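Accompanying notes for the structure given below.
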Amino acid sequence: MFSYFTPSGDLALRLPTDEREPFLEKYESKLVEAYGIVQKEYVTVPQSLPESTADLALYFRKGYEYTANLRPKPSKKKG
């Protein structure tokens, strides 16, 4: 999963480490906090960013590419 809407209605994007800090600074954003925990890989998309569809598309692509290259977590099911 590389994006979702939080219970409060904010858009969350999962970004790689090298993109996360510049995003947080550029858009004066913060890490996502949901269900009482801070999700360290997810940033909150400010409401002004969706107005710039080119910028938003760029970050969606970066988040998708990052997530697509992650290794899957091992299954906890016992055969």
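Considering each residue of the range 1-19, count those that are surrounded by 17 or more Cβ atoms within 10 Å (Cβ to Cβ), of a type in the set (A, V, I, L, M) and either at pLDDT below 95 or in a strand (DSSP E or B) (or both), and give that number.
3
Are there any pairs, at least 6 apart or on different chains, whose C-beta atoms fall under 9 Å, with the first in the range 49-66 and surrounded by 12 or more Cβ atoms within 10 Å (Cβ to Cβ) and the second charged (D, E, K, R) and assigned to a helix (DSSP H, G or I), and if so, which?
Leu49/Asp55; Tyr59/Glu19; Lys62/Glu19; Gly63/Glu19; Tyr66/Glu19
Is there any pair with a first residue in the range 20-48 that is of a type in the set (Asp, Glu) and surrounded by 15 or more Cβ atoms within 10 Å (Cβ to Cβ) and a second that is assigned to a strand (DSSP E or B) and at pLDDT 95 or above whose Cβ atoms are under 7 Å apart and which are 6 or more apart or on different chains, and what are they?
Glu41/Arg14
The values are calculated or read from the model by the stated rules, or taken from the named source; none is laboratory data. Note that the coordinates shown come from a computational prediction; the quantities given were computed from them, not determined experimentally. Glycine also receives a Cβ, built like all others from the backbone with ideal geometry; neighbour counts cover every protein chain displayed.
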